[in-house]
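Heads up: the structure comes next, in structure tokens.
The values are calculated or read from the model by the stated rules, or taken from the named source; none is laboratory data. Predicted, not measured: the structure shown is a model, and the values here were computed from it. Because the Cβ atoms are built from the backbone with ideal geometry, glycine has one as well, and the counts that use them run over all protein chains shown. Just so you know, the surface numbers come from the protein's heavy atoms only, side chains and all, with ligands and any DNA or RNA stripped out. Shrake-Rupley method; radii C 1.70, N 1.55, O 1.52, S 1.80 Å.
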Amino acid sequence: AAPFLAWITSYMERNGIPFEHVDIWVPSSSMPFQDPTGASAPQPPMGSGSQGTVMRLCFAGSASLGSQVVGQPDAVASAPTLGKVGVSAAATVPLSSDEIESLSLFGSYSEKFSFSNGSGLPGRVFQSGVPAWEQFIANAPPALFERRGGAMQFGIKTALGLPIKSPNVGRIVCVMYSKHNRDKSDELVGKLLMDIQSMN
């Protein structure tokens, strides 16, 4: 995922996308289930698919930007070029070293997780094929955002899950995070899906 993550963070910074961290989740049909006793055993089959196949979404990498959008961004410009987010009411400023470290630690925290189809934000986006923009995730029920503890600890407040078609595995999930409470923008979501899909 490294080349994809490098492209997407560069894209986000160039276009003033109001998120500071991103990770990628990919489906795997061979990941063993770790039970609480520490024993490794196959999990019962879930959903549709081959008999005996276990599908889980696995962490494929994360990256943080070097800057953040402060204030409330305007709607995405409708120009046919890159269509930058308007910054008349917002500004892009560098992230502090503490903020960068905090986002990096959230990435390390997230890599310990995997999600079944329909479970957690990545699993729900993977199953539905529909983007999910969630604010105040530190207050979300654990069933909706299983990494709530890490979100609280590392200051994550908004997450946007994007389903991305993949020629190799059918669909992956790209999740963007912000340390700010970001108001939902359907226009921005549509632009992100179009641009990321065309690159992918």
Going by what's in this entry, would Pro45 be described as at pLDDT below 80 and in contact with a Gly (Cβ under 7 Å, 6 or more places away or on another chain)? yes
So Ala91 passes all but one of these: (1) in contact with a strand residue (DSSP E or B) (Cβ under 6 Å, 6 or more places away or on another chain); (2) modelled with pLDDT of 95 or more; (3) open to solvent by 30 Å² or more (accessible area, probe 1.4 Å); (4) not β-branched (Val, Ile, Thr). Which condition number does it fail? (2)
Please identify the pairs in which a residue from the range 90-115 that is more than 21 Å from Phe145 (Cβ to Cβ) and touching a residue at least 12 places away in the same chain (Cβ under 8 Å) has its Cβ atom under 7 Å from the Cβ atom of a residue that is surrounded by fewer than 18 Cβ atoms within 10 Å (Cβ to Cβ) and small (Gly, Ala, Ser), counting only partners at least 6 apart or on another chain. Ala90/Gly71; Ala91/Gly71; Thr92/Ser67; Val93/Ser67; Pro94/Gly66; Pro94/Ser67; Leu95/Gly66; Leu95/Ser67
Is there a residue in the range 127-134 that is part of a loop (DSSP other than H, G, I, E, B), touching a residue at least 12 places away in the same chain (Cβ under 8 Å), open to solvent by 70 Å² or more (accessible area, probe 1.4 Å) and closer than 18 Å to Ala63 by Cα? no
Just to be sure I understand the filter: pairs with C-beta atoms under 8 Å, separated by 6 or more residues or on different chains, first member in the range 141-164 and more than 16 Å from Met12 (Cβ to Cβ) and modelled with pLDDT under 95, second member open to solvent by 20 Å² or more (accessible area, probe 1.4 Å) and in a strand (DSSP E or B). Which pairs pass? Leu144/Glu134; Phe145/Glu134
Just checking, how many residues over the range 135-152 are part of a loop (DSSP other than H, G, I, E, B) and of a type in the set (A, V, I, L, M)? 3
Whichever residue in the range 156-180 is farther than 19 Å from Phe136 by Cα and part of a loop (DSSP other than H, G, I, E, B) and, among such residues, is least open to solvent (accessible area, probe 1.4 Å): Val169
